[in-house]
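Remarks on the structure that follows.
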Amino acid sequence: MSAYLRYELWTSRQADNIIECVSFTEQETNMLLDGKSIDTFSKELKTKIDMLGIDKWYKAIPRNLRVLFEL
């Protein structure tokens with residue numbers, strides 16, 4: 001399955017209300033779909049996962065993404 005995943009992360013910082021967009025490359029998305037170990041990810045991908053807070057429920061990500069892509 002070839003896919004590209006984009007999350008929009010809205011953060012409100014008191015100083016300047018920054019809006020950030022977190023995008024995953026096709027390769028990163030496929031790694032998430034394959035359920036690869038977080039330990040094998042690049043520092044950049046680990047940062048994206050941490051920013052979105054999905055590291056806490058990572059084991060459910062492959063299944064949940066597949067369902068979303070099938071919609």
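Filter the stretch 24-45 down to the residues that are out of contact with any helix residue (DSSP H, G or I) (no Cβ under 7 Å at 6 or more places or on another chain), over 17 Å from Trp57 (Cα atoms) and surrounded by 14 or more Cβ atoms within 10 Å (Cβ to Cβ) and list them by number.
Within the stretch 24-45, Asn30 is the sole residue that qualifies.
Determine the pairs where a residue that is free of Cβ contacts under 8 Å to residues at least 12 places away in the same chain, located within the stretch 42-62, has a partner that is aliphatic (A, V, I, L, M) with Cβ atoms under 7 Å apart, the partner being 6 or more residues away or on another chain.
The qualifying pairs are Lys46/Ile38; Ile49/Ile38; Ile54/Ile61.
Of everything in the stretch 19-50, what is in a helix (DSSP H, G or I) and touching a Phe, Trp or Tyr at 6+ places or on another chain (Cβ under 9 Å)? Give them in sequence order.
Glu26, Glu28, Thr29, Met31, Leu32, Leu33, Ile38, Leu45, Lys48, Ile49
Read-outs: derived from the displayed coordinates by stated rules, not from any lab. Just so we're clear, the structure is a prediction, and the values are computed from it rather than from any experiment. Cβ coordinates were reconstructed from backbone atoms using ideal geometry, including for glycine residues, and neighbour counts include every protein chain displayed.
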